[in-house]
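Novice: Can you read through this structure? Questions will come right after.
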There are 2 protein chains.
Amino acid sequence: MTFEDWALKPTGDLVGYSVGAAAAGVRDGKPSRLDVALIVSELPCAAAGVFTTNQVIAAPCIVTRRHLERGPLRAIVVNSGNANACTGEQGERDAIAMAEAAADKIGCDPHEVAVASTGVIGVPLPVERIASAIRSIDLRKDAWDDVARAMMTTDTRPKSVRRDYPLGTLGSPETVHFRGVAKGAGMIHPNMATMWISVDGDTSTNDMVLVLTNGASGFKPVRKPLAMCAAVLGWLCEDLAQQILADGEGVTRVFKVLIRGAASDVEAMLAARTITTSTLVKTAIHGADPNWGRILAAAGRSGAKVDQTRATVRIGDVNVFESGAPRSFDRERIREIFSSPGLRIAVDLGVAKGKGEAWGTDLSEEYVRINADYTT
Amino acid sequence: MTFEDWALKPTGDLVGYSVGAAAAGVRDGKPSRLDVALIVSELPCAAAGVFTTNQVIAAPCIVTRRHLERGPLRAIVVNSGNANACTGEQGERDAIAMAEAAADKIGCDPHEVAVASTGVIGVPLPVERIASAIRSIDLRKDAWDDVARAMMTTDTRPKSVRRDYPLGTLGSPETVHFRGVAKGAGMIHPNMATMWISVDGDTSTNDMVLVLTNGASGFKPVRKPLAMCAAVLGWLCEDLAQQILADGEGVTRVFKVLIRGAASDVEAMLAARTITTSTLVKTAIHGADPNWGRILAAAGRSGAKVDQTRATVRIGDVNVFESGAPRSFDRERIREIFSSPGLRIAVDLGVAKGKGEAWGTDLSEEYVRINADYTT
């Protein structure tokens, strides 16, 4: 049984949360677009966060990390249109002001509010307009779609996931309700965990993953292995990550790279990630050009050890290079595989037993057009 | 006085060399294109080479490295249209066969011949056609332009440099004649020295720099500092590197990144190179979009330490971010700088005294078009 089979059809609204969004006009010229969102819990939430490893880290990440260290959260406030990154000390004051505006509205301490921002880097935040929009938000049980929309930048569609799981035991059959929202289309190369995705190789200054739980289901993870909760959470995160990839800027194809035979798992990840970010691999996949040599060349420059006399490259179910020598193959068959959904590229580096995998996207003319003219 | 001022107008042909090219039809469908070249010295040459650090290294690099270890060289044989990379043991036999064909023609030992290949990866070399073309080459003193043309792949123009320098002393006024040819437009990210250039971030499996000298000028470097010879050589290499960048696939703009304030020179190079390879920086430069936040974000994810409270970003002569805070600037002025030749981007990481620099290119829709359909 897959997680998908195991999930129940979501029933009713998430218990104990109210949410909403408003249009603050963060970016000039887009005054009617939803660009500020608020997620509020009636109860204090146990909360955890993971933040960008970029040394240039945005003010909202700094402020939210500090608030998480103080204790439970009651709310998350988000804006799009401006990342509040590279904005100096003023940026930090502005992020705190966003938390204060949200705290005022719902009646809690500003330290109980997480702040997230996304958008252009290096432009001062129009914090008055944002604070005013926060005050105007109409909080409801069922406005999650507005929240997902208010977070969008170059995204073409909102990203959310919702599942209920029967995590309780026979004597205590609690169902746990999960809801996730995410955003992202460009500057997607998060460096947070072991399963990696990349749209363009550029790690954001604003990457932030927050998990909140208010305990309303009555389910206590001590009664079931915590690993089950973690597995559900991982599945939801992967679902959101896939939505981000599929909506990546100019993306027409998503592919997975599987490495084995590496000197270590770390080297396998290095090779997988280098292949997913190689512009030559990405453009070949965009054109469905069976130029597999670029895949092996990318592995070879990744820093991972490669034994080219023992390596194998497999595209879909076709070995194009096997045990150190090229194999003749049907070019049209590879073109078909490149053009089909669910493209898998497997490379055996021929060294030892290390394994790793990463998800990537193609690189299109459209990506260039979107990003040649982003701030103007 | 610059090196350029110091150089003499080249006089006559290079002494002691004869060269030529022929059409072998290495790639099907291009039978009349020059694709094999031969450079022959009458005298044995002191020779040195630097090779790709890609772990997936092409057969001609392996064979040439071996020949260099044996002693002086008499010739270099080159083909385009096929890289003879990822071709297994047969590839090595084919590279040796190229050396043998050249040695036969000019009457030397095959170990005195260097072999270089460029083109598609993973396709067996049509070695019979190449050997036959080598035999047919008409060797002349003045066919250097044919040599440079025969090396081209997606290059739009041949790349060569020629200068004479008065390296002798007053009592022994020898003039030393320098001649260089190069090729390259894509898969340009050589990892060989301290001055780095990148077109697309992908290090080739076939990168090779060879330097030969036959001593015909009579100049003996022991009588003058060897450093002067090295400086001239460095200047010529930089000239060729600039020609490669300017002819990079789809390139419309070339830029230089200068880093200072890094924890070390190594970290400075890491930051410089990450900025030159960031797709978001490259597309912004393509569109002359003054989105400088992407520059600092790329430095921040490079692995180099960045103190964002002290960092400075300078585009041309304009500080857009200074000592940790954004500066207001004239967007049209930055657009002008981005659009002008000789674009310089300087970043002070605000940490210590490390310095480094790298050259990069923009990323255009044309780059994607060229590379989405390379092998077909």
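Novice: Step by step: first the residues of segment B:1-30, then only those that are of a type in the set (A, V, I, L, M, F, W, C) and open to solvent by less than 30 Å² (accessible area, probe 1.4 Å), then the one that is farthest from B:Val127 (Cα to Cα). Which residue is that?
Specialist: If we filter segment B:1-30 for residues that are of a type in the set (A, V, I, L, M, F, W, C), which is where we start, we get B:1, B:3, B:6-8, B:14-15, B:19, B:21-24, B:26.
Filter once more, so that each one left must be open to solvent by less than 30 Å² (accessible area, probe 1.4 Å): B:7, B:14, B:19, B:21-22, B:24, B:26.
Numbers: B:Ala7: 41, B:Leu14: 30, B:Val19: 20, B:Ala21: 16, B:Ala22: 14, B:Ala24: 9, B:Val26: 9 Å.
Ranking the candidates gives B:Ala7 first.
Novice: Oh, and also: Open to solvent by 20 Å² or more (accessible area, probe 1.4 Å), over 30 Å from A:Asp200 (Cα atoms) and either touching a His at 6+ places or on another chain (Cβ under 9 Å) or outside the structural domain of B:Ala272 (by TED's automatic domain parsing) (or both), is that true of B:Lys183? Don't jump to the end; show me each part of the working.
Specialist: Working: open to solvent by 20 Å² or more (accessible area, probe 1.4 Å): yes; over 30 Å from A:Asp200 (Cα atoms): no; either touching a His at 6+ places or on another chain (Cβ under 9 Å) or outside the structural domain of B:Ala272 (by TED's automatic domain parsing) (or both): yes.
Against the criterion (open to solvent by 20 Å² or more (accessible area, probe 1.4 Å), over 30 Å from A:Asp200 (Cα atoms) and either touching a His at 6+ places or on another chain (Cβ under 9 Å) or outside the structural domain of B:Ala272 (by TED's automatic domain parsing) (or both)), B:Lys183 does not qualify.
Novice: In the set B:Thr64, B:Thr53, which member is in a loop (DSSP other than H, G, I, E, B) and among the hydroxyl-bearing types (Ser, Thr, Tyr)? Give the derivation first.
Specialist: On the way: B:Thr64 fails: in a loop (DSSP other than H, G, I, E, B).
Step by step, each of B:Thr64, B:Thr53 is checked, and only B:Thr53 is in a loop (DSSP other than H, G, I, E, B) and among the hydroxyl-bearing types (Ser, Thr, Tyr).
Novice: If you go through segment A:247-268 one residue at a time, do you hit one that is open to solvent by 50 Å² or more (accessible area, probe 1.4 Å), within 20 Å of A:Ala116 (Cα to Cα), within 14 Å of chain B (Cβ to nearest Cβ) and not small (Gly, Ala, Ser)?
Specialist: Scanning segment A:247-268 turns up no residue that is open to solvent by 50 Å² or more (accessible area, probe 1.4 Å), within 20 Å of A:Ala116 (Cα to Cα), within 14 Å of chain B (Cβ to nearest Cβ) and not small (Gly, Ala, Ser).
Novice: Another question about this same structure. Can you find, within segment A:31-53, the residue that is nearest to the other protein chains (Cβ to nearest Cβ) among those that are open to solvent by less than 60 Å² (accessible area, probe 1.4 Å) and more than 20 Å from A:Glu69 (Cα to Cα)?
Specialist: Taking segment A:31-53 first, the residues open to solvent by less than 60 Å² (accessible area, probe 1.4 Å) are A:34-41, A:45, A:47-49, A:51-52.
Adding the requirement that they be more than 20 Å from A:Glu69 (Cα to Cα) leaves A:34-38.
Details: A:Leu34: 23, A:Asp35: 18, A:Val36: 21, A:Ala37: 23, A:Leu38: 26 Å.
Only one residue tops the list, namely A:Asp35.
Novice: Residue by residue through segment B:352-371, note down the ones that are in contact with an Asp or Glu (Cβ under 6 Å, 6 or more places away or on another chain) and at the interface with chain A (Cβ under 7 Å from one of its Cβ atoms).
Specialist: B:Glu365, B:Val368 - these are the residues of segment B:352-371 that are in contact with an Asp or Glu (Cβ under 6 Å, 6 or more places away or on another chain) and at the interface with chain A (Cβ under 7 Å from one of its Cβ atoms).
Novice: Name the one entry in A:Arg260, A:Arg333, A:Arg327 that is in contact with a helix residue (DSSP H, G or I) (Cβ under 9 Å, 6 or more places away or on another chain) and either of a type in the set (Phe, Trp, Tyr) or not assigned by TED's automatic domain parsing to the domain that holds A:Val161 (or both).
Specialist: Values: A:Arg333 fails: in contact with a helix residue (DSSP H, G or I) (Cβ under 9 Å, 6 or more places away or on another chain); A:Arg327 fails: in contact with a helix residue (DSSP H, G or I) (Cβ under 9 Å, 6 or more places away or on another chain).
After applying the criteria, what remains is A:Arg260.
Novice: Which residues, counting only those in segment A:133-187, are part of a loop (DSSP other than H, G, I, E, B), of a type in the set (D, E, K, R) and more than 22 Å from the chain's Cα centre (by Cα)? Steps first, answer last, please.
Specialist: To start, the set of residues in segment A:133-187 that are part of a loop (DSSP other than H, G, I, E, B) comprises A:137-139, A:141-143, A:151-158, A:166-168, A:170-171, A:173-175, A:183-187.
Still in the running and of a type in the set (D, E, K, R): A:138, A:141-142, A:155, A:157, A:174, A:183.
Passing the criteria: A:Asp138, A:Lys141, A:Asp142, A:Glu174.
Novice: If I filter segment A:294-312 for residues that are touching a strand residue (DSSP E or B) at 6+ places or on another chain (Cβ under 9 Å) and more than 10 Å from every other protein chain (Cβ to nearest Cβ), do I get at least one hit?
Specialist: Yes.
Novice: If you take the residues of segment A:269-280 that are facing chain B (nearest Cβ under 9 Å) and touching a Phe, Trp or Tyr at 6+ places or on another chain (Cβ under 9 Å), which of them is nearest to B:Ile370 (Cα to Cα)?
Specialist: A:Leu280
Novice: So, A:Asp348, is that one more than 9 Å from chain B (Cβ to nearest Cβ) and either modelled with pLDDT under 95 or within 29 Å of the chain's Cα centre (by Cα) (or both) or not?
Specialist: Working: more than 9 Å from chain B (Cβ to nearest Cβ): yes; either modelled with pLDDT under 95 or within 29 Å of the chain's Cα centre (by Cα) (or both): yes.
When the stated conditions are applied, A:Asp348 passes them.
Novice: Condition test on A:Leu73, is it under 27 Å from A:Lys220 (Cα atoms), open to solvent by less than 20 Å² (accessible area, probe 1.4 Å) and within 22 Å of the chain's Cα centre (by Cα)? Break it down into steps so the answer makes sense when it comes.
Specialist: Working: under 27 Å from A:Lys220 (Cα atoms): yes; open to solvent by less than 20 Å² (accessible area, probe 1.4 Å): yes; within 22 Å of the chain's Cα centre (by Cα): yes.
In short, yes.
Novice: Give just the number: which of (1) assigned to a loop (DSSP other than H, G, I, E, B); (2) under 24 Å from B:Ala241 (Cβ atoms) does B:Asp289 not satisfy?
Specialist: Of (1) assigned to a loop (DSSP other than H, G, I, E, B); (2) under 24 Å from B:Ala241 (Cβ atoms), only one is false for B:Asp289: (2).
Novice: Within segment B:104-123, which residues are among the small types (Gly, Ala, Ser), in a loop (DSSP other than H, G, I, E, B) and either open to solvent by less than 40 Å² (accessible area, probe 1.4 Å) or touching a helix residue (DSSP H, G or I) at 6+ places or on another chain (Cβ under 8 Å) (or both)? Walk me through how you get there before you give the answer.
Specialist: Kept after step one, since they are among the small types (Gly, Ala, Ser), are these residues of segment B:104-123: B:107, B:114, B:116-117, B:119, B:122.
With in a loop (DSSP other than H, G, I, E, B) added as a condition, the list becomes B:107, B:119, B:122.
Hits for segment B:104-123 are B:Gly119, B:Gly122.
Novice: Hey, another quick one. Between A:Ala97, A:Ala116, A:Ala83, which is in contact (Cβ under 8 Å) with a residue 60 or more places away in the chain, more than 14 Å from chain B (Cβ to nearest Cβ) and either within 25 Å of A:Met187 (Cβ to Cβ) or among the polar types (S, T, N, Q) (or both)?
Specialist: A:Ala116
Novice: Next question, about the same structure. Every residue in segment A:188-210 that is open to solvent by 30 Å² or more (accessible area, probe 1.4 Å) and outside any loop (DSSP other than H, G, I, E, B), please.
Specialist: Answer for segment A:188-210, where residues must be open to solvent by 30 Å² or more (accessible area, probe 1.4 Å) and outside any loop (DSSP other than H, G, I, E, B): A:Trp196, A:Met208, A:Val209, A:Leu210.
Novice: Can I ask one more? Counting only residues that are surrounded by 24 or more Cβ atoms within 10 Å (Cβ to Cβ) and basic (Lys, Arg), which one in segment A:269-312 is nearest to B:Cys61 (Cα to Cα)?
Specialist: Checked segment A:269-312; the qualifying residue nearest to B:Cys61 (Cα to Cα) is A:Arg301.
Novice: Filter segment A:211-220 down to residues that are in a loop (DSSP other than H, G, I, E, B) and in contact (Cβ under 8 Å) with a residue 12 or more places away in the chain and give me whichever is nearest to the other protein chains (Cβ to nearest Cβ). Steps first, answer last, please.
Specialist: Residues of segment A:211-220 in a loop (DSSP other than H, G, I, E, B): A:214-220.
Narrowing further to those that are in contact (Cβ under 8 Å) with a residue 12 or more places away in the chain: A:214-219.
On the way: A:Asn214: 34, A:Gly215: 36, A:Ala216: 38, A:Ser217: 38, A:Gly218: 42, A:Phe219: 38 Å.
For segment A:211-220, the residue satisfying everything is A:Asn214.
Novice: Tell me which of these A:Arg163 doesn't satisfy, since it passes every other one: (1) crowded, with 19+ Cβ neighbours inside 10 Å; (2) more than 26 Å from A:Trp6 (Cα to Cα).
Specialist: Result: A:Arg163 fails condition (2) only.
Novice: Same structure, new question: From A:Ile62, A:Ile57, A:Ile39, grab the single residue that is aliphatic (A, V, I, L, M), under 20 Å from A:Arg149 (Cβ atoms) and either in contact with a Lys or Arg (Cβ under 6 Å, 6 or more places away or on another chain) or in the same structural domain as A:Asn191 (by TED's automatic domain parsing) (or both). If you could, list the steps in order and put the result at the bottom.
Specialist: Details: A:Ile62 fails: under 20 Å from A:Arg149 (Cβ atoms); A:Ile57 fails: under 20 Å from A:Arg149 (Cβ atoms).
Only one candidate qualifies: A:Ile39.
Novice: Still on this model: Find the residue count for segment A:323-376, including only residues that are over 27 Å from A:Trp196 (Cα atoms) and part of a helix (DSSP H, G or I).
Specialist: Qualifying residue count for the region: 3.
Novice: Tell me which of these A:Asp145 doesn't satisfy, since it passes every other one: (1) touching a Pro at 6+ places or on another chain (Cβ under 8 Å); (2) at pLDDT below 95; (3) surrounded by fewer than 18 Cβ atoms within 10 Å (Cβ to Cβ).
Specialist: (2)
The values are calculated or read from the model by the stated rules, or taken from the named source; none is laboratory data. Since the structure is predicted, the reported quantities are computational estimates derived from the model, not experimental observations. FYI the Cβ positions are ideal-geometry reconstructions off the backbone, even for glycines, and counts take in every protein chain you see. SASA here: full protein model, heavy atoms, side chains in, ligands and nucleic acids out. Shrake-Rupley method; radii C 1.70, N 1.55, O 1.52, S 1.80 Å.
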